[in-house]
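Inspection log for the structure reproduced underneath, given as C-alpha cells.
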Amino acid sequence: MSPIFPCKGCGTFIERSTQHYRRMKGQVLCSSCTDARREAEAGALRQRHPLQRALIRIRRLWGEE
Ligand SMILES: [Zn+2]
C-alpha cells in the first residue's frame, strides 16, 4: 500500500508513492490540481509571450529553425 499525502493545492488526501513524493520535493498534487496547474501555466505562457511566439513563427518562415 502507498502512503497517503495531503494535496498541496486542495488538501485532499491522496495515495502516492514515496518515490513520487521525493521527486516532487513534497509538493504533491492530486490529479485535478495537476490538471488545473498545467492549464494555468499554459494559459500564462500564451498571455505572457505573444511577441516571442510571433518571433518563433517568423524564424520558422525564414527557415532558421
Ligand atoms: Zn488537489
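The values are calculated or read from the model by the stated rules, or taken from the named source; none is laboratory data. Here the structure is a predicted model, which is why all the values come from computation and not from measurement. We place every Cβ from the backbone using ideal geometry, glycine too, and count neighbours over all the protein chains shown.
Observations, loosely collected:
- Lys25 being assigned to a loop (DSSP other than H, G, I, E, B) and either of a type in the set (S, T, N, Q) or within 11 Å of the ligand (Cβ to nearest atom) (or both): no
- Number of the condition not met by Gly11 [criteria: (1) touching a residue at least 12 places away in the same chain (Cβ under 8 Å); (2) not in a helix (DSSP H, G or I)]: (1)
- Taking the criterion of being surrounded by 14 or more Cβ atoms within 10 Å (Cβ to Cβ) and within 11 Å of the ligand (Cβ to nearest atom), the residues of region 3-22 that qualify are Phe5, Cys7, Lys8, Gly9, Ile14.
- Test: Gly43 is outside any helix (DSSP H, G or I), free of Cβ contacts under 8 Å to residues at least 40 places away in the same chain and over 21 Å from Ile4 (Cβ atoms): no
- In region 30-38, the condition of being part of a helix (DSSP H, G or I), acidic (Asp, Glu), at pLDDT below 90 and within 18 Å of the chain's Cα centre (by Cα) is met by no residue.
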